[in-house]
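Down below is the structure, laid out as structure tokens.
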């Protein structure tokens, strides 16, 4: 019980005092979806489906046929009060582009919440028999709400030693941000090589918080994907892989991610049932925080 309380206090302090957390780049929250987490966030060059556009908006243009809906809801670090959810919608247009809308919500009980609303457009700029180039941009609205509760066990005094009546306060903060990204894709017989780069920029507390990532991914026929990401801003790496144990039915995933204060190892699986795919990942933390998980669903129609 005491250990769980200390963990909750630690996480709450990180939330309130870390600008990186408030820009949706915290190590436990920056990826959405079970598949992305299963890759250890090494998804800049893969960036498939609406979940992938959260990391690299250019990836949305890879979908030329289906409309998509992505859903995720997770309790982080085994703490009931700490939730993280995501809704993404994407559809290709009649030309060479695709449009997406996603909402990510993070909340710690009733004390703190972050909401990110993003409108994404991606397009195929070059289409050749063996190579393609995609580019995309996301415009974001960031909303934060923090309630300062009264501590019933503490007393505050003014400079004259008089007791001060404490009042609950609510802080609301709204900021803008944008993401831009590009992917180069090259066919190599039955294999596929992709190289991606993304730039994320958020306005937080009156200052710019930016992040640059580059990645490379290699599809081995239709059996496996191996990916590598380098976070240029934080000088960290991510590795991920996916293997189709049963093609178009069951995928297994493994990932490794360097983060501030340690690393995460992720284990994941994806189950595809016709137009539906269900993804699960389990993150083994090397930072002292509890292990956590992601469960998500993607529907194509």
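Where a number appears in this text, it was derived from the coordinates with a stated rule and is not lab data. Remember, predicted model here, so these are calculated numbers, not experimental data. All Cβ positions, even for glycine, are placed from backbone atoms using ideal geometry, and neighbour counts span all protein chains on display.
At-a-glance table
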| quantity | calculated |
| --- | --- |
| Cα gyration tensor category, rounded, prolate or oblate, for the range 63-107 with a/c compared to 1.5 | prolate |
| Centre separation in Å (Cα based) which lies between the range 260-301 and the range 28-96 | 11 |
| Estimated FRET transfer efficiency (residue 176, residue 249; beta-carbon r; R0 35 Å; 0.05) | 0.25 |
| Rounded if a/c under 1.5, otherwise prolate or oblate - the range 175-246, Cα gyration tensor axes | prolate |
| Residue 69 versus residue 235: modelled label distance in nm, points set 7 Å from Cα along the beta carbon direction | 4.6 |
| Computed E for residue 207/residue 291 - FRET, C-beta separation, R0 30 angstrom, nearest 0.05 | 0.40 |
| Inter-label distance for residue 163 and residue 93, nm, one decimal - labels placed 7 Å from Cα along Cα-to-Cβ | 6.4 |
| Packing-based exposure ordering (other Cβ within 10 Å, fewest first) of 76, 99, 239 | 99, 239, 76 |
| Protection-proxy order for peptides 187-200, 42-55, each taking the mean of Cβ atoms within 10 Å per residue, highest first | 42-55, 187-200 |
